Amino acid sequence: MDFNAIRNLISRYCTGEENWVDSRTVYIGHREPPPGTEAYIPQRFPDNRIVSSKYTFWNFVPKNLFEQFRRIANFYFLIIFLVQLIIDTPTSPITSGLPLFFVITVTAIKQGYEDWLRHKADNAVNQCPVHIIQHGKVVRKQSHKLRVGDIVLVKEDETFPCDLILLSTSRDDGTCFVTTASLDGESSHKTYYAVQDTKSFNTEQELDTLRATIECEQPQPDLYKFVGRINIYQERDEPIARPLGSENVLLRGATLKNTEYVYAVAIYTGMETKMALNYQSKSQKRSAVEKSMNAFLIVYLCILLSKALINTVLKYVWQANPNRDEPWYNEKTESERQRHVLIRAFTDFLAFMVLFNYIIPVSMYVTVEMQKFLGSYFITWDEEMFDDEIGEGALVNTSDLNEELGQVEYIFTDKTGTLTENNMEFIECCVDGHVYVPHAICNGQILPGALGIDMIDSSPGPDGKEHEELFFRALCLCHTVQVKEEETVDGIKRGIHQGKGTSFYISSSPDEVALVEGMKRLGFTYLRLKDNHMEILNREDEIERFELLEVLNFDSVRRRMSVIVRSGTGELYLFCKGADSSIFPRVISGKVEQVRARVEHNAVEGLRTLCVAYKLLTFEEYQDICQLLETAKLALQERDKKLAEAYDAIERDFILLGATAVEDRLQDKAADTIESLHKAGMKVWVLTGDKMETAAATCYASKLFRRSTQILELTTKRTEEQNLHDVLFDLSRTVLRQHGSLTRDTFSGLSNEFQDYGLIIDGATLTAVMKPDQDGSTGNYKEIFLEICRNCSAVLCCRMAPLQKAQIVKLIKFSKEHPITLAIGDGANDVSMILEAHVGIGIMGKEGRQAARNSDYAIPKFKHLKKMLLVHGHYYYIRIAELVQYFFYKNVCFIFPQFLYQFFCGFSQQPLYDTAYLTLYNISFTSLPILLYSLIEQHINMDILKRDPSLYRDIAKNSLLRWRIFIYWTFLGVFDAVVFFFGAYFLFDNTTFTSNGQMFGNWTFGTLVFTVLVFTVTLKLALDTHYWTWINHFVIWGSLLFYVVFSLLWGGIIWPFLNYQRMYYVFMQMLSSGPAWLCIILLITVSLLPDVVKKVMCRALWPTTTERIQNADKLYQGHLSEFTPLSSLHASHHKAADAHHLNPRRSEHPSKKLMYTHWGGGADYCTFSSSFGHLGLHSAYSWGGHETSV
Amino acid sequence: MMASSYNAKEEDGHHSVSAASGPSAGPSAKSKKPDNTAFKQQRLPAWQPILTAGTVLPAFFIIGLIFIPIGIGLFVTSNNIREFEVDYTGVDASSPCFTCSQTYSWNSSIPCKCAVSFSLEQPFESNVFMYYGLSNFYQNHRRYVKSRDDSQLNGDKASLRNPSKECEPYRSHDNKPIAPCGAIANSLFNDTLELFYIDPNGTRTQIPLVKKGIAWWTDKHVKFRNPGGNNFNLTVVFQGTTKPVNWRKYVYELDTDPENNGFVNEDFIVWMRTAALPTFRKLYRIIQKKSNMTPTLPRGNYTLDVTYNYPVRSFEGRKRMILSTISWMGGKNPFLGIAYITVGSVCFFLGVVLLIIHHKYGNRNNSADIPN
């Protein structure tokens, strides 16, 4: 029991809320500042308990039930159940209660289990020990007892228990290294800095004397932002105020590395830590299938209501005759008679609702959930999507969107790291127009003797020499690369061999590493940062030391970074490196034209370019800069804005030094993938922050633009010449001319013979297009822009800010066709678009895991997108489409006979089927086959799907869930129901059908209908199944057998504890009658006949591409699926030839598709051979690499 | 100090290097690598049937070829069945039961009798089954169907004394529980039908009607049981209960034969199996074939003596007496035969259509598909 605890306790109950508003004051070690300063107002902060669980033991049942019944479907079934309990119901409440109970229980168990796991994880975290300094001693406590203001001791490799402000470290310079791998996936070591004035407090005793308060903002989820101020009270009264930034904050979840220990003070605890704030769940995405499912549901709800209404009305019309309402043999009870007619009518209406409620199947939701959940395993299991390099396969973060993968129309892809490897190689640099190329680069490995410089241009004069060296030094100094030295390293990133040991560079930006390494090869080696001095080994093997004064960090808005250094001779330099667009406007001298020409040349080659500039600072200037930065950094409000302003003021009047070029190679099979996606009818947009020329080159390389593509530019350059309005209209006219001559070809991406358009737009122009105008013509601009985009097969948006990417996605998403969008990216800058798009895919890239964590699906490489969409997406879509349609169909079949029966039983709500059948129909008799179908159905072999991207068009635009098809299924259900009912009706009509003359009753009638029903719907599914594995056989025949066995058992004995025995021997008696058998067979045949005929006819007369491929595949007995280029080429020849004169009655369209189909096969052959070429290249590379490393 | 563990990324780098220099993947990668099983890779061996005109064609012809003979067989069988129906409701003033139907009252102690005469044009050769048929009688009305207590009928003593609530308003009378309770039992068909053959010389011979074997065996022996097991003194067993309000006698007075009395009375059991449709017939008696030589019911004139107890005119119902012979497929029902013939012909026709289509289009498709 110590003082602190009591004080905390008191503070918990005595504090006012006024200090909560936007900043908090933390008293380090809970020590009051010296008197005279502001009053000590203890604030109440939550403890450090992490609660990720949703429920507690006590509130699980009510809370979980509440959550579950918030779902509209569950609520509906609850209402039905309650209605059944209240009114005199035609079916026992069990029939809807049991399935509902089943569904609720299963969900509750699943959620309960998940929550239990969370509890366990929470407990493990909350109880792990932390070391707290109290009264100069180290005390061990459980993590959850940690309070804001506690001083914590964290040792190496420990994880920070909460968000901390770094006070001091074991290192003299007050730095520590941290990896945030579990936070954002970046495993690089980041440097954090202790507060300068406290870094000397290095022991527990010293810390006990520290009196300081921290003022900081209230917790915010942004991991990289922090604004605060520390006030240190020393003997003198005036406290020293120091700014605190994100470089002082150690985040919960990060791990201390390479530092023996640190002392830090807790500022945000428990659920207020940035990690906890970041765990808030994303908004739920719903798939298009789910939307159509809900639409169908509403239709069925209307059908249900109208059925109930019709029956109620007819009932009262029919009952107008009292002898019908109440014949002598069937009198009502007294209480029934006395009920008001309106109440009776209403009860009847409800009773009909209850009777027909099965038309909305409760089990559909469960089945769909299960299908999605289980089905998503096939993605994670997929071996082809496993990447050996990363050692990981695809990840599914939300299984709700599986089928959406088969519906994608627009793909928005990031360039760097997604299309390209993000594996940078320094290619060349250009100083004052002279080009330097370090020779012999082999796949990131450097030949040992690569110290020399190849100069393409003539060697510079003495003046040039000076500039050249300054340029190299600038690149060596202007970065945030760290040096990691290690003895036993066999090459991470760019392992570089030196005489003594191995050291390598790490940075969050691969460009920087590439540059620093490039410099090394050009003779200037960056050694390390020591005591705020950067050491460089120059060409003469001398060590030069520069004092690092300021770092103006990189951000994506400025697109540049700067450092201020003091050279050994005392000169102050400001070096700046950044995108050409952000450097050139700030340059006042230097050979701008030559450099610009080179930069543009390089950009066209697809290289990433950076420009380097510098300026010499006088001491006074430096003082001003310091002042400027200091005030900006100290600001509590709007610090970012002020910093940006300060940077803007500092980074000007540069002297241009030169430019660099770094290559980012295309990812493996990126071009092939993009080609396939194009052929599949998807429009691929590249959204990148890169320069237009670089991005365009990548687009050409990745076959996004072909040579034949006519490029439309919508860039600042053009809008400078003309105004935006004219440019837009110009472009739309160009596009629409072609469009008008075309006879409505929806698959414009496919039309090869027509002009293919590609659009390039840059960020600035996009802003102009999107900008709301005063005269309100903005909608117009947007519309024109969309119209242009719609007619372009590929669009490249360059110079995009992260938010603009999301904007573009949103623009397309909400355009009038509401296309399904997919965003794919690997970096943190893609997160916004990944979250915005219908389907977000993250690449487990080099820039950390943020994209992968925020995505719906994560894949290791861009090439895996092909299988993800073309195979998995396609399969999931057809599976779930059939699942949804089939469910509605089988419930129409199920319920419609009951509806018809009402006309023959005086609208008395007499159920046709027995309770057990009503209950189990959806749960067990017909549930497993469709679930299995929806898990493993493959209408076409996956190899064909992959080779023939055009098949994807067959399912585009939610084509299997169109209203036409839905209505077809519904009518099929109604037809089948009519067949069942009237078949049985005519069989039963006033005659016997047993050989002993005995009669059957109403339950036999129902059982006969039900038997036909179960067999028909199961066999219908069997006819739809194209992929019969042993599991299918087992489940389909098994569930039929189960029905028979169950029926035998259910009617086989007198069931105790049951107040009716109406099913006793009914099933057996029915089976003992020959005509019943004949009738069952006949009715099943008749029910299945129309569907089979329709299918066969459609296949013969109007086959879809899918069906043609199926036919062909069958003819080849699966050989098509194997990789036999010869045979497929053969086939394609013949097919292509025949396709021309095939089916002249059909429009040109399908035959074109067919051609494409096989062209696809041929093309694949080509890529195969070309990939062979690649392979050869690769091996050459690796051979070279071997040579060098040995 | 610097030589601390360097995690995932390091391995990545390692892998990229090793992957570049050779195809061997690191051992750590294998652990995470998904299993290469046919199921997980969705490559289970499978039969992949496709419904094409070619494959379905034979099926259609086969169905046609099987269904048409079956249909013809059924149709012929159905046509060979003799069936005779006579309506004795007495709606017309001319009909013999008109008076009975008019002067009906539940409480009259003297039963009203009427005789309907008819003649059979053709002899009924084999066993003849005698049915009574009711029309417009909603035995399948929900209120009616559930108005019974199966455990009472199964001989449960507790239910006998305290019948299920479902039996309301036929649950108790005069504070005594009704046995058998419920609307179905209450409305038991209680006309008595007797059949007489009128010889050409004018003598009436009563035709023996067998009343056993008209109910399901399982119903009679398992589902329906008298309370008290094999206690034949049903009067004692049913003590404390009362008869259904519309009944003239107690349930234990239904028959003199103890095997056919009480709840196991076959007429009662037959009635208790509620019909599916409002027009229905129920098996009443069986006329056994006497010998191979003479037909069971020879050609000639007959009289049906009706003890007219059952009122149907209030709900516009009809009462019929049906005589029918039975084949293996039951009574006369042309539906199945016609349906089979129709479906068979349709299938055959579709088969022909498909054959044409297959020939015209399928061949082209195939020729496009097959390279040679």
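The values are calculated or read from the model by the stated rules, or taken from the named source; none is laboratory data. What you see is a predicted model; the values in this text were computed from it and never measured. A quick note on method: Cβ atoms are made from the backbone with ideal geometry, for glycine too, and the neighbour counts reach across all protein chains shown. Keep in mind that these areas ignore ligands, DNA and RNA; they rest on the heavy atoms of the full protein, side chains included. Shrake-Rupley method; radii C 1.70, N 1.55, O 1.52, S 1.80 Å.
Looking at the range B:103-120, can you tell me whether even one residue there is away from chain A (no Cβ under 11 Å), surrounded by 19 or more Cβ atoms within 10 Å (Cβ to Cβ), touching a Leu at 6+ places or on another chain (Cβ under 7 Å) and under 20 Å from B:R285 (Cβ atoms)?
For the range B:103-120, residues away from chain A (no Cβ under 11 Å), surrounded by 19 or more Cβ atoms within 10 Å (Cβ to Cβ), touching a Leu at 6+ places or on another chain (Cβ under 7 Å) and under 20 Å from B:R285 (Cβ atoms): absent.
How about the range A:607-635: which of its residues are exposed (fewer than 15 other Cβ atoms within 10 Å of the Cβ) and among the hydrophobic types (A, V, I, L, M, F, W, C)?
The answer is A:L616, A:F619, A:C626.
Which members of the range B:121-134 meet the condition of being among the hydroxyl-bearing types (S, T, Y) and either touching a Cys at 6+ places or on another chain (Cβ under 8 Å) or open to solvent by less than 40 Å² (accessible area, probe 1.4 Å) (or both)?
B:Y131, B:Y132
Could you check A:L912 against (1) open to solvent by 10 Å² or more (accessible area, probe 1.4 Å); (2) within 14 Å of another protein chain (Cβ to nearest Cβ) and say which number it fails?
Of (1) open to solvent by 10 Å² or more (accessible area, probe 1.4 Å); (2) within 14 Å of another protein chain (Cβ to nearest Cβ), only one is false for A:L912: (1).
Could you tell me how many of the residues in the range A:142-163 are open to solvent by 30 Å² or more (accessible area, probe 1.4 Å) and more than 14 Å from chain B (Cβ to nearest Cβ)?
Total satisfying the criteria: 3.
Identify, from the list A:E336, A:E421, A:E326, the residue that is farther than 30 Å from B:C181 by Cβ, out of contact with any Ser or Thr (no Cβ under 6 Å at 6 or more places or on another chain) and either open to solvent by 20 Å² or more (accessible area, probe 1.4 Å) or within 14 Å of chain B (Cβ to nearest Cβ) (or both).
One residue alone meets the criteria, A:E421.
Could you please find all residues in the range A:945-969 being hydroxyl-bearing (S, T, Y) and open to solvent by less than 20 Å² (accessible area, probe 1.4 Å)?
Scanning the range A:945-969 gives A:S950, A:Y952, A:S959.
Just the residues that are under 14 Å from the mean Cα position of the chain (by Cα) and open to solvent by 10 Å² or more (accessible area, probe 1.4 Å), please, taken from the range A:391-410.
A:L395, A:V396, A:N397, A:T398, A:S399, A:D400
Taking the range A:112-141, which residues are of a type outside the set (A, V, I, L, M, F, W, C), surrounded by 15 or more Cβ atoms within 10 Å (Cβ to Cβ) and in contact with a helix residue (DSSP H, G or I) (Cβ under 6 Å, 6 or more places away or on another chain)?
A:N126 - this is the single residue of the range A:112-141 that is of a type outside the set (A, V, I, L, M, F, W, C), surrounded by 15 or more Cβ atoms within 10 Å (Cβ to Cβ) and in contact with a helix residue (DSSP H, G or I) (Cβ under 6 Å, 6 or more places away or on another chain).
Having 1 or more residues that are of a type in the set (S, T, N, Q) is the bar; report the helices (runs of 4 or more DSSP H) wholly within the range A:617-715 that clear it.
Hits in the range A:617-715: A:619-634, A:670-679, A:692-701.
Let me spell it out: the conditions are (1) more than 7 Å from chain A (Cβ to nearest Cβ); (2) in contact (Cβ under 8 Å) with a residue 40 or more places away in the chain; (3) out of contact with any Cys (no Cβ under 9 Å at 6 or more places or on another chain), and B:N309 meets all of them except one. Which number is the exception?
(3)
If a residue has to be modelled with pLDDT of 80 or more, among the aliphatic types (A, V, I, L, M) and open to solvent by 10 Å² or more (accessible area, probe 1.4 Å) to count, how many in the range A:424-441 make the cut?
Qualifying residue count, the range A:424-441: 1.
Name the residues in the range A:1072-1116 that are closer than 19 Å to A:S1047 by Cβ, in a helix (DSSP H, G or I) and more than 7 Å from chain B (Cβ to nearest Cβ), would you?
A:A1076, A:W1077, A:I1080, A:I1081, A:L1083, A:I1084
What residue, of A:F356, A:F386, is of a type in the set (A, V, I, L, M, F, W, C), farther than 27 Å from A:G973 by Cβ, open to solvent by less than 40 Å² (accessible area, probe 1.4 Å) and in contact with a Lys or Arg (Cβ under 7 Å, 6 or more places away or on another chain)?
Step by step, each of A:F356, A:F386 is checked, and only A:F386 is of a type in the set (A, V, I, L, M, F, W, C), farther than 27 Å from A:G973 by Cβ, open to solvent by less than 40 Å² (accessible area, probe 1.4 Å) and in contact with a Lys or Arg (Cβ under 7 Å, 6 or more places away or on another chain).
Output the residues belonging to the range A:166-190 that are open to solvent by 20 Å² or more (accessible area, probe 1.4 Å) and either modelled with pLDDT of 75 or more or part of a helix (DSSP H, G or I) (or both).
If the condition is that a residue be open to solvent by 20 Å² or more (accessible area, probe 1.4 Å) and either modelled with pLDDT of 75 or more or part of a helix (DSSP H, G or I) (or both), then A:S170, A:R171, A:D172, A:F177, A:A181, A:S182 are the ones that fit.
Pick from the range B:257-304 the residues that are charged (D, E, K, R) and in a loop (DSSP other than H, G, I, E, B): which of them is least open to solvent (accessible area, probe 1.4 Å)?
B:R273
Here is a list: A:T380, A:T347, A:T413. Which entry is in contact with a strand residue (DSSP E or B) (Cβ under 8 Å, 6 or more places away or on another chain), surrounded by fewer than 23 Cβ atoms within 10 Å (Cβ to Cβ), polar (S, T, N, Q) and at pLDDT 85 or above?
The conditions single out A:T380.
Residue by residue, here is whether (1) away from chain B (no Cβ under 14 Å); (2) open to solvent by less than 40 Å² (accessible area, probe 1.4 Å); (3) in contact with a Cys (Cβ under 7 Å, 6 or more places away or on another chain); (4) farther than 28 Å from B:H221 by Cα holds:
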{"position": "A:T1018", "(1), (2), (3), (4)": "yes, yes, no, yes"}
{"position": "A:A1022", "(1), (2), (3), (4)": "no, yes, no, yes"}
{"position": "A:W1028", "(1), (2), (3), (4)": "no, yes, no, yes"}
{"position": "A:I1031", "(1), (2), (3), (4)": "no, yes, no, yes"}
{"position": "A:V1035", "(1), (2), (3), (4)": "no, yes, no, yes"}
{"position": "A:L1040", "(1), (2), (3), (4)": "yes, yes, no, yes"}
{"position": "A:Y1043", "(1), (2), (3), (4)": "yes, yes, no, no"}
{"position": "A:L1048", "(1), (2), (3), (4)": "no, no, no, no"}
{"position": "A:P1056", "(1), (2), (3), (4)": "no, no, no, no"}
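Consider the range A:766-800. How many of its residues are of a type in the set (D, E, K, R), modelled with pLDDT under 80 and over 25 Å from A:G606 (Cβ atoms)?
3
Quick one: A:L932 ticks every box in (1) modelled with pLDDT under 90; (2) surrounded by fewer than 23 Cβ atoms within 10 Å (Cβ to Cβ); (3) more than 8 Å from chain B (Cβ to nearest Cβ) except a single one, so which number is it?
(1)
Could you check, for the range B:216-235, whether at least one of its residues is open to solvent by 10 Å² or more (accessible area, probe 1.4 Å), more than 24 Å from A:I1053 (Cα to Cα) and charged (D, E, K, R)?
No, the range B:216-235 has no match at all.
What's the total number of residues in the range A:534-579 that are under 18 Å from A:F619 (Cα atoms) and either assigned to a loop (DSSP other than H, G, I, E, B) or hydroxyl-bearing (S, T, Y) (or both)?
7
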